[in-house]
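Reading through the structure tokens given below for one structure.
The values are calculated or read from the model by the stated rules, or taken from the named source; none is laboratory data. Bear in mind that the values here come from a model prediction, so they are computed numbers and not experimental data. Note that each Cβ is placed from the backbone with ideal geometry, even for glycine, and that neighbours are counted across all protein chains shown.
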Amino acid sequence: MNMQRTVQSDPPRRTRTIQSTHPMTHAHRGPLVVFNIGMTIHKPHRPDLWLPVARAMLPMLEELRQARAGAAAGPGADPGFLGATTLMGSRGPWVTQYWKDVESLYRYAHDAERSHLSAWRRFNQAVRRHPAAVGVWHETFVVPEAGVESVYVHGAREGLALAGGVIPVEHRGRSAAERMGQATSHGEKVAVQVP
């Protein structure tokens, strides 16, 4: 079972469904950071131990969404957060987040005025009391522009498409190999080896 909840921080034109069946690709230009963070539930019969950990992510995502919306409106600083998708796997939930750069991700993670540090401290206190109940993991990928390829067909809009919008696929190339080798924002072609 794969349930999804998406935090969408984009203008209304970037919706999950479209009228056209024309193939699309992501609109984001430049490098990208993909950050996966999740939890592994070791004691499913003890929701009192793992549910607080799961619930801690939603306020952080809402905080990031609001910060991004504030920056788009003008007065706030851009947090560098593009969007996120929440997924449910067989061992617990995880979130795939998209960021403009790794510095923005780290700045958010270490900002004492944001939700993350206090949630991390609460998690560490709970783990000391019940070490075998739940685990937390994350993975960070810094991806150059030429290392991102996507296609969305028949109105599918997930992941990076929700975080940054879409453009017609032919803007980047008709095949996956062509899209992987597209020019960077500086105009030079980057050779990407595709196995």
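Being within 28 Å of T21 (Cβ to Cβ) and not basic (K, R) narrows it down to one residue among L162, L105; which is it? Don't jump to the end; show me each part of the working.
Details: L105 fails: within 28 Å of T21 (Cβ to Cβ).
After applying the criteria, what remains is L162.
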- [ ] Determine if the range 33-52 includes at least one residue that is within 25 Å of G147 (Cα to Cα) and not hydrophobic (A, V, I, L, M, F, W, C).
- [x] yes
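Of the residues E158, E149, which is assigned to a loop (DSSP other than H, G, I, E, B), at pLDDT 80 or above and surrounded by 16 or more Cβ atoms within 10 Å (Cβ to Cβ)?
Numbers: E158 fails: surrounded by 16 or more Cβ atoms within 10 Å (Cβ to Cβ).
When all the criteria are applied, what remains is E149.
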Open item on the list: For the range 122-146, which positions are small (G, A, S) and surrounded by 14 or more Cβ atoms within 10 Å (Cβ to Cβ)?
Closed with: A126, A133, G135, A146
Task: Verdict on H116 being under 17 Å from the mean Cα position of the chain (by Cα) and at pLDDT below 85 - done: yes
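Restricting to the range 105-145, name every residue that is free of Cβ contacts under 8 Å to residues at least 40 places away in the same chain and closer than 23 Å to A67 by Cβ.
So the first thing to find is which residues in the range 105-145 are free of Cβ contacts under 8 Å to residues at least 40 places away in the same chain, and the list is 106-107, 109-113, 117-118, 120-121, 124-125, 127-129, 131.
The answer is Y106, R107, A109, H110, D111, A112, E113, L117, S118, W120, R121.
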Task: Matching residues in the range 154-178 - criterion: being more than 14 Å from L82 (Cβ to Cβ) and among the small types (G, A, S) - done: G155, A156, G173, S175, A176, A177
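When the residues of the range 86-107 are narrowed to those that are farther than 13 Å from V33 by Cα and within 14 Å of the chain's Cα centre (by Cα), which ends up surrounded by the fewest Cβ atoms within 10 Å (Cβ to Cβ)? Lay out the reasoning, then the answer.
In the first step, residues of the range 86-107 are kept if they are farther than 13 Å from V33 by Cα; the result is 86-95, 107.
Going one step further and asking which of them are within 14 Å of the chain's Cα centre (by Cα), we end up with 86-87, 93-95.
Working: T86: 19, L87: 17, P93: 19, W94: 20, V95: 20.
My answer is L87.
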Open item on the list: With touching a Lys or Arg at 6+ places or on another chain (Cβ under 6 Å) and not charged (D, E, K, R) as the only criterion, which of G164, G173 stands out?
Closed with: G173
TODO: Keeping to the range 1-59, report how many residues are among the polar types (S, T, N, Q), at pLDDT 90 or above and closer than 26 Å to W120 by Cα.
DONE: 2
TODO: Please work out which residue is nearest to S118 (Cα to Cα), limiting yourself to the range 39-53 and to residues that are out of contact with any Gly (no Cβ under 6 Å at 6 or more places or on another chain) and crowded, with 17+ Cβ neighbours inside 10 Å.
DONE: V53
